[in-house]
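One structure below.
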Amino acid sequence: MLWDLYQQSQIRATQAKVESASNRTKDVRDSVLKLEDRTDRLALTTMAMWALMSEKLGITEADLEAKIQEIDLSDGRLDGKVRVQAKTCPSCNRKLSKRHNKCMYCGAETSPGLGSL
Ligand SMILES: [Zn+2]
């Protein structure tokens, strides 16, 4: 009898864990789907911008490649990535992303960096 109660509570605890893991999996899947949508939208926007720039301004593929390399090298590495390095808030000394021009902790203005591109 006591053993049965113990077994039932173990089963209930396991069921709760499975349900929780299942919910987390669904959340991750939803996040990935949202990211895929955003990436698709960004790719579409980039293609449209490139088409306009090459048609209206006469910018060539070589110009684009040169600019990509220049920006890629701005963090000292030609690796196909732009690393956003942390900067320090001049007011509260907390570490911040270079993307932010305002401290998310104290609201102080920070100088814009290359990461703000
Ligand atoms: Zn701050």
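The values are calculated or read from the model by the stated rules, or taken from the named source; none is laboratory data. Just so you know, these numbers come straight off a predicted model, no measurement behind them. So basically every Cβ, Gly included, is an ideal-geometry build from the backbone, and we count neighbours across all protein chains shown. For accessibility, only protein heavy atoms count, side chains too; no ligands or nucleic acids. Shrake-Rupley method; radii C 1.70, N 1.55, O 1.52, S 1.80 Å.
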Those residues of the range 74-102 which are in contact with a Lys or Arg (Cβ under 7 Å, 6 or more places away or on another chain) and outside any loop (DSSP other than H, G, I, E, B) amount to Asp75, Ala86, Lys87, Thr88, Leu96
With criteria (1) within 16 Å of the ligand (Cβ to nearest atom); (2) open to solvent by less than 70 Å² (accessible area, probe 1.4 Å); (3) touching a Lys or Arg at 6+ places or on another chain (Cβ under 6 Å), Tyr105 comes up short on (2)
